[in-house]
1. Round to the nearest 0.05 the FRET efficiency obtained for residue 48 and residue 128 when R0 = 41 Å and r is the Cβ-Cβ distance.
2. Could you give me the ³J(HN,Hα) list for segment 70-87, computed from phi with Karplus coefficients 6.51, -1.76, 1.60 and θ = phi - 60°, whole Hz, x at Gly and Pro?
3. So which of 77/125; 77/99; 62/99; 74/99; 80/125; 34/58 end up more than 20 Å apart by C-alpha?
4. Using only the Cα atoms of segment 65-134, build the gyration tensor, take square roots of its eigenvalues as a ≥ b ≥ c, and label the shape rounded, prolate or oblate: rounded if a/c is under 1.5, else prolate if a/b is larger than b/c, else oblate.
Amino acid sequence: MNTMRILLVGLLLVATSLSFAQVKQSEEQFEQAKKCYLNALDSENQGVRDSAILQVVKVKVKYPDENYQTIIRKLQKLSKRDDVFYIRTHAYLACEFFKHPELAQMINPADYQVPAFFFDQLYQKITESPLAMN
């Protein structure tokens, strides 16, 4: 009986350790992914920046509970200072998407591959909804 308990406790410790290691690895992978997105948002190529804006919105929908403050700050900076008008507009709309999680119920970014199509639809949803009043 004691041997069985010791074995059970040992298995629980191993399982807990493995679970903790996976969570830690997931967090590290997510942080690395955020760094990659931030690099893409800093790209000299406007197509890369535009695509990265859509991708971070897709990630937000898939992982809504993560911390996106550095990405939001970068999007805010792009929305005010980027040289390309449509990048500023898309960055602003992405900030609104981050600010209003209920937008994910109105439009799913995973359905879009072309940033212009998604952000056009997002703009329409925002202007049609009560969010436009806030």
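1. Values: r = 31 Å, r/R0 = 0.74.
My answer for the efficiency is 0.85.
2. Karplus values, whole Hz, x for Gly and Pro: 5, 5, 4, 4, 5, 5, 4, 5, 4, 5, 9, 10, 5, 6, 9, 4, 5, 5.
3. Working: 77/125 23 Å; 77/99 15 Å; 62/99 16 Å; 74/99 14 Å; 80/125 22 Å; 34/58 13 Å.
Flagged as over cut-off: 77/125; 80/125.
4. Numbers: a/c = 1.40, a/b = 1.21, b/c = 1.16.
Because its axes are fairly even, with a/c under 1.5, segment 65-134 counts as rounded.
Where a number appears in this text, it was derived from the coordinates with a stated rule and is not lab data. What you are looking at is a predicted structure, and each value in this text was computed from that prediction instead of being measured. Neighbour counts run over all protein chains shown; Cβ positions are idealised from the backbone, glycine included.
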